[in-house]
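The values are calculated or read from the model by the stated rules, or taken from the named source; none is laboratory data. Please read all numbers here as calculations on a predicted model, not as lab measurements. Glycine also receives a Cβ, built like all others from the backbone with ideal geometry; neighbour counts cover every protein chain displayed. Note: accessible area is taken over every heavy atom of the protein model, side chains too, but ligands, DNA and RNA are not part of it. Shrake-Rupley method; radii C 1.70, N 1.55, O 1.52, S 1.80 Å.
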Amino acid sequence: METPTTEISLAERMDADDRVNLSFLLAEVSRLLRAAFDQEMEKLGLTRSQWHTLIYVLRLEGPSQTALADALEVARPSLGALVDQLQKSGYVTREADSSDRRVWRVMPTELAFERSEKIARRAEKVANNAFDGLSQEQIETAFSVIQIIQKNLTR
């Protein structure tokens, strides 16, 4: 006599898979962190696109527009409009590359450096709230795990 097979629905399978649940949790945490950063940066008059671009300009130390577009994963025309906005607001300038006249570098201005301290303080406020109650060891472990996931997804 055959034993009846119990079919598990797709929803039940997905709900039972901790990897899938972790994937959804990571996406939700990313969304919440972006919203928290947006709220803080809005107080400085910066939109998500603007503060995100400005952070990369400061971190990459004068990237070309192409390198900046690649880092932000946006099309070059979209980046051009963002850089135009930041340039109008006094945060960046475009400078010709000294070794290739076809390349323009996006350089932070004095205003960007001055505001970077305020941006950093607001980012620390978000981080303090997000990581409240976690030990340094827990943060380092989470960082390591997320880096492995990132590496796995980029190969």
Dipole axis of region 1-143 (+1 Lys, Arg; -1 Asp, Glu on Cβ), positive-most option in Thr66, Gln87, Ile55 | Gln87
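If you take every residue apart from Ala35 with its C-beta less than 12 Å away from the C-beta of Ala35, what net charge results, scoring Lys and Arg +1 and Asp and Glu -1? Can you show the working numbers first?
Numbers: positive: Arg31, Arg34, Arg48; negative: Glu28, Asp38, Glu40, Glu42.
Local charge sum for Ala35: -1.
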Karplus 3J(HN,Hα) series, Hz, for region 104-117 with 6.51 cos²θ - 1.76 cosθ + 1.60 (x for Gly, Pro) | 10, 9, 9, 10, x, 8, 4, 4, 4, 5, 5, 6, 4, 5
PRE zone check, label point 7 Å out along Cα-to-Cβ of Lys43, amide N under 12 Å, scope region 96-124, hits 118-124
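Assign unit charges at the C-beta atoms only (+1 for Lys and Arg, -1 for Asp and Glu), then state the dipole size of the chain relative to its Cα centre in Debye, rounded to the nearest 20. Don't skip to the end; give the middle numbers.
Numbers: 20 positive and 24 negative charges, 172 e Å.
Roughly 820 debye, rounded to the nearest 20.
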Whole-angstrom Cα spans of the chain along principal axes, big to small | 81, 38, 26
Could you work out how far helix 48-60 tilts from the main Cα principal axis of the chain, as a 0 to 90 degree angle to the nearest 10?
-> 70 degrees
3J(HN,Hα) from dihedral phi, region 128-140, Karplus parametrisation 6.51/-1.76/1.60, rounded to Hz, x for glycine, proline | 4, 5, 5, 9, 4, x, 9, 7, 4, 4, 5, 5, 5
Sort all Cα-Cα distances of region 37-122 into consecutive 5 angstrom bins from zero, then give the percent of pairs in each bin up to the one containing the longest distance.
-> 3, 15, 28, 26, 17, 7, 2, 1
The chain accessible area per residue, 1.4 Å probe, protein heavy atoms, integer Å², reads 76 Å²
Karplus-derived HN-Hα couplings along region 81-97 (A = 6.51, B = -1.76, C = 1.60, θ = phi - 60°), whole Hz, x at Gly and Pro = 5, 5, 5, 4, 4, 5, 5, 4, 7, x, 8, 9, 10, 9, 10, 5, 5
Would you work out what percent of the accessible area of region 82-146, with all protein chains in place, is carbon or sulfur (probe 1.4 Å)?
-> 50 percent
With every protein chain in place, what's the accessible area of Thr154 (1.4 Å probe, Å², nearest 10)?
-> 110 Å²
